[in-house]
Amino acid sequence: MRYLLPAALILALGAGFAQSQGGSDKPAPVKARQGIMQNYAFSIGTLGGMAKGEVEYDAQAAQAAADRLVALSSLPQTGYWPEGTSSDDLEGVKALPAIWENMDDFTSGFDTLNEAAMAMADVASDGQQAVAGQMQPLGKSCGACHEDYQMSDD
Amino acid sequence: MRLFGLALAALAAAGALAGWWITAPRPVDAAGLTGDADRGAALFTLAGCASCHIAPDADETDPPVLSGGQAFETEFGTLYAPNISPGPEGTGGWSTNDVVAALASGVGRGGYHIYPALPYTSYENAELQDLSDIAAHLETLPVSDTPSRPNELSFPFNIRRTLGVWKRLYAGRGWVLTDPASPEIERGRYLAEALVHCGQCHTPRTALGGMDRSAWLQGAPNPSGKGKIPGIAPNQLDWSDTDVAAYLKTGLTPEYDSAGGKMAAVVRNLSTLPDGDIDAIVAYLREIPDAEQ
């Protein structure tokens, strides 16, 4: 009995967590790659907030966000993109089938992102203006891939 | 009775003549203008010419190769962007005036109607000098030998002359925002309504495929099939001015997702603009009519 309550709580929390993810039924590679995309957005958001002047510039936070982008964009893509996980196959997926028709071009996009992330990491500690100046190439490296490979969802 | 027949024939002939007159191509005349190719480079980018005229699935190179071939599915059939590179298969031999007439009046060299997939209902509001500069820049781009692919349109839309009627309905309409309240808004209007031709995607179309100007920039189905082009009228776009400007410059939304599809190419083109012009577009967007709720 003593252990029953915590166990039930963990179960309930677990169920709630799965629900909040909106798709406990998604294949593991999809969940993994979407998590990474959210981490990109989180890190770019830190930098973007400072660039826009919405958040006060903080050299340490900016550097951490940029370093994280470098790390995330260095991850091997192998395994994240199995066949049958496109927007045609699954709900809640925006990865267009074009990815699987042009896998080499698609994965080379992460090298472009990695270069933009490194350029940001080089200057992230140098002040708000330096960060703001790198937002455009960074954003463009996102757009370069999303143009061809992400479903527009508006 | 014979007289009646004659009268009828005369009437039919008059009708045909009137129809022929009504549907006749009427190109603007930019003769006497000389284009500046260097100045035209930036305008060419803003007008987004390469986004549609590079080969399907090709990446935009610098300078772009405008070999054409991208398909545009419409309710009337499929249009293919033509080769507009400055060679025999494209616009080689076109004068500056010919190119300006195509951009501003939708009339091709020799006097035929061009299908409005070419956004001349927007470009027609551009300064003829700017269009002449674009024409001059076009001449400096690499030649492609790829032949243009014929359109695949259903009857009667495959008859170019029908566009004469279409143009009477949808071309030559002028500005949507008729009295800009400041020079900045006027500049934003010039960019958004003319060169950048935002309305061509963000404004819904009528049954005949013209822009429904009563619902200006209020969103439309995505011609690619899936999803919707968002409405960006003031009451539809609840982002801050800073967020809209940042989006137009970086493609990043306030949630730090990134613009996809054709908008990614638009952002790439807009990123060449100075900040003042981006702010002008934002100021313009705040002035257009709200969408009906």
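The values are calculated or read from the model by the stated rules, or taken from the named source; none is laboratory data. These figures come from a predicted structure and were not determined experimentally. Ideal geometry is used to build each Cβ from the backbone, glycine not excepted, and the neighbour counts take in all protein chains shown. To get the accessible areas, we keep the full protein, side chains included, count just its heavy atoms, and leave off ligands, DNA and RNA. Shrake-Rupley method; radii C 1.70, N 1.55, O 1.52, S 1.80 Å.
Scanning segment B:231-282 for residues being facing chain A (nearest Cβ under 10 Å) and within 17 Å of A:Leu47 (Cα to Cα) gives a total of 15.
Screening the candidates B:Pro142, B:Pro86, B:Pro183 for the property of being closer than 30 Å to B:Asp277 by Cβ and open to solvent by 60 Å² or more (accessible area, probe 1.4 Å) yields one hit, B:Pro183. Has segment B:50-57 got any residue that is closer than 27 Å to B:Arg268 by Cα, in contact with a helix residue (DSSP H, G or I) (Cβ under 6 Å, 6 or more places away or on another chain) and among the acidic types (Asp, Glu)? Looking through segment B:50-57, none of the residues is closer than 27 Å to B:Arg268 by Cα, in contact with a helix residue (DSSP H, G or I) (Cβ under 6 Å, 6 or more places away or on another chain) and among the acidic types (Asp, Glu).
With a requirement of 3 or more residues that are in contact with a Ser or Thr (Cβ under 9 Å, 6 or more places away or on another chain) and among the hydrophobic types (A, V, I, L, M, F, W, C), the helices (runs of 4 or more DSSP H) lying completely within segment B:80-192 that satisfy it span B:96-105, B:128-138, B:163-170.
Restricting attention to segment B:41-69, the residues that are open to solvent by less than 40 Å² (accessible area, probe 1.4 Å) and at positive phi add up to 3. The condition of being in the same structural domain as B:Gly188 (by TED's automatic domain parsing), open to solvent by less than 20 Å² (accessible area, probe 1.4 Å) and under 19 Å from the mean Cα position of the chain (by Cα) holds for only one of B:Ala233, B:Ala259, B:Ala245, B:Ala220, that being B:Ala220.
When segment B:102-115 is examined, which residues are found to be among the small types (Gly, Ala, Ser), more than 13 Å from the chain's Cα centre (by Cα) and surrounded by 15 or more Cβ atoms within 10 Å (Cβ to Cβ)? Once the filter is applied, which keeps residues that are among the small types (Gly, Ala, Ser), more than 13 Å from the chain's Cα centre (by Cα) and surrounded by 15 or more Cβ atoms within 10 Å (Cβ to Cβ), segment B:102-115 yields only B:Gly108.
Considered as a group, the residues in segment A:92-107 that are within 12 Å of chain B (Cβ to nearest Cβ) and over 16 Å from the mean Cα position of the chain (by Cα) include one that is nearest to A:Ala65 (Cα to Cα), and that residue is A:Asp105.
Select from segment B:205-224 the residues that are assigned to a loop (DSSP other than H, G, I, E, B) and more than 14 Å from every other protein chain (Cβ to nearest Cβ) and write down the one among them that is farthest from B:Gln236 (Cα to Cα). By that ranking, first place goes to B:Leu208. For segment A:117-150, the candidate set comprises residues that are of a type in the set (A, V, I, L, M) and within 11 Å of chain B (Cβ to nearest Cβ); within that set, the residue that is nearest to B:Ala264 (Cα to Cα) is A:Ala144. Does at least one position in segment B:193-210 carry a residue that is surrounded by fewer than 16 Cβ atoms within 10 Å (Cβ to Cβ), modelled with pLDDT under 95 and in contact with a Leu (Cβ under 8 Å, 6 or more places away or on another chain)? Within segment B:193-210 (the criterion being surrounded by fewer than 16 Cβ atoms within 10 Å (Cβ to Cβ), modelled with pLDDT under 95 and in contact with a Leu (Cβ under 8 Å, 6 or more places away or on another chain)), the answer is yes, since at least one residue qualifies.
Filtering segment A:35-74 to residues that are within 14 Å of chain B (Cβ to nearest Cβ) and part of a loop (DSSP other than H, G, I, E, B) leaves A:Gly53, A:Glu54, A:Val55.
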